[in-house]
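FYI, it's all coordinate maths here, none of it is from the lab. From a predicted model like this one, the values you see are computed outputs, not experimental measurements.
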Amino acid sequence: MVKVWSSTFNTRSLVARARKGLPLESDPIGVAVLKMVNAEAAGVMFTAEPTTADATKMIIEGSRGLGEIVVSGAVIPDNWTVDAKEFAIVDRGVAAGGEDACLSDEEVVELARVGKLIEAHFGKPQDIEWAIDRKAPSSVFILQARPETFRINFRF
């Protein structure tokens with residue numbers, strides 16, 4: 001916790017605040033300490049297709065266990081493309097070597113619905129980290145949400 005809080009005074013943070021004319025001596029950073037989610041599946045969700053910025057498609061990627069392996073690129077995740085209006089699964093892929101996907105169709109649709117609520121709250125497409133704990137009363141946990149950065153592919 002102290003390490004996270006102290007990052008507000010690292011060189012990168014100080015330079016960014018100086019460029020924006022913000023005070024250097026303080027930063028209103030908050031650190032939350034929460035119970036760890038017993039993730040049976042976890043991953044990332046993009047509320048707009050990240051390589052084309054297509055807002056009609058959502059992308060969900062996941063794997064069994066904690067999401068760090070998906071976020072870091074350590075595994076090839078299961079993946080789904082979801083129609084952003086109808087919340088219908090339009091494409092899916094199970095990771096190589098996997099027999100069953102880490103999520104049920106119902107969980108994919110629930111994640112997509114939650115993702116669109118988060119997008120509506122922030123007013124722009126989101127890159128969301130999530131986890132599923134099927135033993136919890138509400139099984140969907142949102143771990144992080146941030147504005148999506150689009151990686152448009154250019155062809156020459």
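Working note: Cα gyration tensor of the chain, eigenvalues times five, square-rooted, sorted largest first, giving semi-axes of 30, 20, 15 Å. Quick one: angle between helix 105-122 and the longest Cα principal axis of the chain, in degrees between 0 and 90, rounded to 10, please. So the helix axis and the longest Cα principal axis differ by about 30 degrees. If the chain linking THR149 and THR11 were pulled fully straight, counting 0.36 nm for each residue of separation and taking away their Cα-Cα distance, it would gain 47.3 nm. Karplus-derived 3J(HN,Hα) values for region 74-90, using 6.51 cos²θ - 1.76 cosθ + 1.60 with θ = phi - 60°, are 6, 10, 8, x, 5, 8, 9, 10, 10, 5, 6, 9, 8, 6, 9, 6, 9 Hz; glycine and proline are entered as x.
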